[in-house]
Amino acid sequence: MNYSSLIKEWSGQVQPALVASFVFLFCLEACLWIRNLRQKKRLPGPFAWPVVGNAMQLGQMPHITFSNLAKKYGNVYQIRLGSNDIVVLNGETAIREALVQHSTEFAGRPDFVSFKSVSGGNSMTFTNYSKQWRKHRQIAQTTLRAFSSANSQTKKAFEQHIVEEATELLKAFFKLTDERQFFNPSNELTVAAANVICALCFGKRYGHDDAEFRTLLGRVDKFGETVGAGSLVDVMPWLQTFPNPVRSVYRNFKELNGVFFAFVRDKVAEHRVTFDPDVTRDMSDAIIAAIDKAESEVGLTEAHTEATVSDLIGAGLDTVSTCLHWIILLLAKHPHVQVRVQEQIDDVVGRDRLPNMDDKASLAYLDAVIYETMRYTSFVPLTIPHSTTSDVTIEGLHIPKDTVVFINQWSVNHDPLKWRDPHIFDPSRFLCENGLLDKDLTNSVMIFSTGKRRCIGDKIAKVEVFLFSAILIHQCTVENNSNQDFSLDCTYGLSLKPANYKISVKLR
Ligand code: HEM
């Protein structure tokens with residue numbers, strides 16, 4: 001018997017079995033769906049196919065799909081991914097009702113296998129709600145504050161790190177413009193943001209030419225592909241059993257987490273060797289001391305120390321660099337906005353010194369550009385997935401304990417009832433008639449989430465983004481390559497990454 005007839009015979013036997021299994025699963029799913037509907041248990045939502053659920057409907061940009069589904073099913077609805085029922089929350093009212101009014105019920109994280117690869121399995125960010133988690137978060141938050149905003153001295157020291165990095169970043173940008181004329185600023189921005197948080201954690205920065213550091217960071221931007229809401233790794237574990245793109249992404253994810261965590265673990269180990277309880281040199285020292293103290297109280301172990309540092313570095317570099325990347329691209333795309341920012345900075349700061357945080361109150365238009373970038377791009381479109389810690393009711397709909405919840409920040413920032421022409425980039429929407437910033441409106445932008453899982457780095461992120469942007473725009477003009485289609489395409493993950501756009505900078 002030749003090879004092709006063997007295949008024919010084999011597929012003749014297997015195909016009916018496959019079809020029968022598919023029909024069986026389909027009927028089973030349909031029966032469950034009808035039963036739940038009769039018992040009014042199922043939340044509204046699209047029909048979920050057997051095995052895959054709604055995975056095929058997510059599309060390239062799940063947050064936009066979710067917003068479209070909200071028009072049909074309301075702001076609280078259910079989808080299914082693989083075998084997981086997932087509740088999607090859209091719009092400011094539903095999201096605030098859940099995350100603020102029912103903050104504890106929505107403070108959980110799902111029991112996803114990918115979350116266990118982060119920070120050696122002891123991540124605070126990717127751990128479910130518990131007494132131990134509360135203490136872990138408090139330690140991370142207090143340490144971050146102590147080294148960035150606790151008093152005027154730490155504020156100044158933190159600002160100084162940013163000024164130093166912004167100056168190095170400018171040098172790297174000018175060098176790239178000289179060498180290539182147009183370049184993608186992504187890697188340099190990642191190094192700059194990583195250096196700010198490394199300076200806080202380890203008291204050390206790395207050069208833009210440091211090959212080891214660049215290799216380490218070069219892969220970190222892939223992290224969000226796996227942990228972003230809508231990633232299929234955790235909801236369809238069977239995808240790990242045969243070669244396919246999801247399996248490759250997940251293998252890369254595990255490897256990059258291993259390499260990144262090993263880097264942090266080594267640095268913390270070096271700190272332990274020279275640790276002196278009377279001299280706190282940096283955040284690593286502060287975290288070593290705080291976790292040692294908390295060990296007996298709630299069972300945090302030494303391993304949680306490096307996990308905390310790894311969480312803070314991981315969270316602090318990718319988000320800030322992505323935000324700066326979008327600001328640069330939007331300024332290159334909208335030269336009139338860039339000129340207006342430059343004019344305001346020149347008026348307030350002049351040309352003889354660099355901008356600093358004391359200028360912020362007088363630079364409302366720059367702040368407006370930053371908030372509009374956050375709103376318009378919504379570059380963290382969905383938060384890290386949450387889960388419910390007990391049964392809860394939102395907008396009259398019952399959500400059981402341990403349900404995975406996706407929170408659609410993009411839907412808040414693009415609600416046409418709240419924002420006039422939400423699809424248009426218009427920083428002046430944030431200015432009052434007197435030219436000052438409309439604080440009520442800036443508070444309505446949702447990018448750091450809210451409630452018990454709200455980002456703990458929001459304040460330092462705002463300082464970094466403001467100061468980096470102010471110094472860059474004060475010192476140079478960002479230009480677009482006129483041959484380039486500048487449609488601002490991006491790839492989806494925990495954060496939206498701009499496509500490979502190239503810019504150049506001109507010294508002012
Ligand atoms: C523009 C920059 C940033 C943005 C847009 C951002 C946004 C977010 C978002 C959306 C979350 C998830 C919240 C949720 O799941 O509901 C988060 C969590 C977190 N962020 Fe940020 N972040 C930024 C910068 C930073 C920085 C600079 C740090 C620290 C150095 C940081 C540390 C964290 C941590 C530790 C968490 C986990 C909180 C938890 O699970 O309890 N972030 N951030």
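The values are calculated or read from the model by the stated rules, or taken from the named source; none is laboratory data. Quantities reported herein were computed from a predicted structural model and do not represent experimental measurements. Ideal geometry is used to build each Cβ from the backbone, glycine not excepted, and the neighbour counts take in all protein chains shown.
Looking across the stretch 373-423, the residues that are of a type in the set (A, V, I, L, M, F, W, C) and within 22 Å of Cys323 (Cα to Cα) come down to Met374, Phe379, Val380, Leu382, Ile384, Phe406, Ile407, Trp410, Val412, Trp419. Taken over the stretch 448-465, residues that are at negative phi, of a type in the set (Gly, Ala, Ser) and in contact with a Leu (Cβ under 6 Å, 6 or more places away or on another chain) amount to 0.
For the stretch 425-444: of the residues being acidic (Asp, Glu) and in contact with a helix residue (DSSP H, G or I) (Cβ under 7 Å, 6 or more places away or on another chain), which is farthest from Glu372 (Cα to Cα)? If we take residues in the stretch 425-444 being acidic (Asp, Glu) and in contact with a helix residue (DSSP H, G or I) (Cβ under 7 Å, 6 or more places away or on another chain), then Asp438 is farthest from Glu372 (Cα to Cα). Between Leu331, Leu366, Leu324, Leu300, the distinction of being within 11 Å of the ligand (Cβ to nearest atom) and either at pLDDT below 95 or surrounded by 23 or more Cβ atoms within 10 Å (Cβ to Cβ) (or both) belongs to Leu324 only. Consider the stretch 142-154 and keep the residues that are surrounded by 15 or more Cβ atoms within 10 Å (Cβ to Cβ) and within 12 Å of the ligand (Cβ to nearest atom). The one that is nearest to Gly457 (Cα to Cα) is Leu144.
Taken together, Arg80, Arg96 contain a single residue that is part of a strand (DSSP E or B), charged (D, E, K, R), modelled with pLDDT of 95 or more and out of contact with any Lys or Arg (no Cβ under 9 Å at 6 or more places or on another chain), which is Arg80. Only residues that are within 13 Å of the ligand (Cβ to nearest atom), of a type in the set (Gly, Ala, Ser) and either part of a loop (DSSP other than H, G, I, E, B) or under 16 Å from His423 (Cα atoms) (or both) were counted across the stretch 369-392, and they come to 1. Taking the listed residues Ala262, Ala172, Ala194, the one that is assigned to a helix (DSSP H, G or I), closer than 24 Å to Leu144 by Cα, over 18 Å from the mean Cα position of the chain (by Cα) and of a type in the set (Gly, Ala, Ser) is Ala262, with no other qualifying.
Out of all the residues in the stretch 422-458, which are under 21 Å from Leu496 (Cα atoms) and either modelled with pLDDT under 95 or away from the ligand (no atom under 16 Å from the Cβ) (or both)? Residues satisfying the conditions are Pro422, His423, Ile424, Phe425, Asp426, Pro427.
Of all residues in the stretch 129-143 being under 18 Å from the mean Cα position of the chain (by Cα) and not basic (Lys, Arg), which is farthest from Gln240 (Cα to Cα)? Selected residue: Gln141. State yes or no: is Leu312 part of a helix (DSSP H, G or I) and either of a type in the set (A, V, I, L, M) or touching a Ser or Thr at 6+ places or on another chain (Cβ under 8 Å) (or both)? Spelling it out, Leu312 is indeed part of a helix (DSSP H, G or I) and either of a type in the set (A, V, I, L, M) or touching a Ser or Thr at 6+ places or on another chain (Cβ under 8 Å) (or both). Return a yes/no flag: does the stretch 488-497 have any residue that is surrounded by fewer than 16 Cβ atoms within 10 Å (Cβ to Cβ), modelled with pLDDT under 95, of a type in the set (Gly, Ala, Ser) and part of a loop (DSSP other than H, G, I, E, B). Looking for residues that are surrounded by fewer than 16 Cβ atoms within 10 Å (Cβ to Cβ), modelled with pLDDT under 95, of a type in the set (Gly, Ala, Ser) and part of a loop (DSSP other than H, G, I, E, B), one finds none in the stretch 488-497, hence no. The residues in the stretch 335-374 that are touching a Pro at 6+ places or on another chain (Cβ under 8 Å), under 25 Å from Ile407 (Cβ atoms) and touching a residue at least 60 places away in the same chain (Cβ under 8 Å) can be counted, and the count is 1. What residue, among those in the stretch 369-403 that are over 23 Å from the mean Cα position of the chain (by Cα) and acidic (Asp, Glu), is surrounded by the most Cβ atoms within 10 Å (Cβ to Cβ)? In this case the residue turns out to be Glu395.
With the condition kept exactly as written, say whether any residue in the stretch 115-128 is surrounded by fewer than 22 Cβ atoms within 10 Å (Cβ to Cβ), modelled with pLDDT of 95 or more, farther than 26 Å from Leu189 by Cα and within 15 Å of the ligand (Cβ to nearest atom). Yes, the stretch 115-128 contains a residue that is surrounded by fewer than 22 Cβ atoms within 10 Å (Cβ to Cβ), modelled with pLDDT of 95 or more, farther than 26 Å from Leu189 by Cα and within 15 Å of the ligand (Cβ to nearest atom).
Cβ separations smaller than 7 Å between residues 6+ apart or across chains give the following pairs from the stretch 456-477 residues that are more than 20 Å from Thr125 (Cα to Cα) to residues that are near the ligand (Cβ under 8 Å from one of its atoms) and among the β-branched types (Val, Ile, Thr): Glu464/Val320; Val465/Val320.
Taking the stretch 393-412 as the range and being in contact with a helix residue (DSSP H, G or I) (Cβ under 8 Å, 6 or more places away or on another chain) and away from the ligand (no atom under 16 Å from the Cβ) as the test, only Glu395 passes.
Does Asp415 qualify as being among the acidic types (Asp, Glu), surrounded by 16 or more Cβ atoms within 10 Å (Cβ to Cβ) and either assigned to a helix (DSSP H, G or I) or out of contact with any Ser or Thr (no Cβ under 7 Å at 6 or more places or on another chain) (or both)? So Asp415 fits the description; yes.
Counting the residues of the stretch 177-227 that are crowded, with 17+ Cβ neighbours inside 10 Å, of a type outside the set (A, V, I, L, M, F, W, C) and more than 22 Å from Gly493 (Cα to Cα) gives 5.
Val191 meets the conditions (1) at pLDDT below 85; (2) over 30 Å from Ala55 (Cβ atoms); (3) within 16 Å of the ligand (Cβ to nearest atom) in every case but one. The failed one is (1). In this structure, Asp311 does satisfy being crowded, with 22+ Cβ neighbours inside 10 Å, within 16 Å of the chain's Cα centre (by Cα), under 29 Å from Gly224 (Cα atoms) and in contact (Cβ under 8 Å) with a residue 40 or more places away in the chain.
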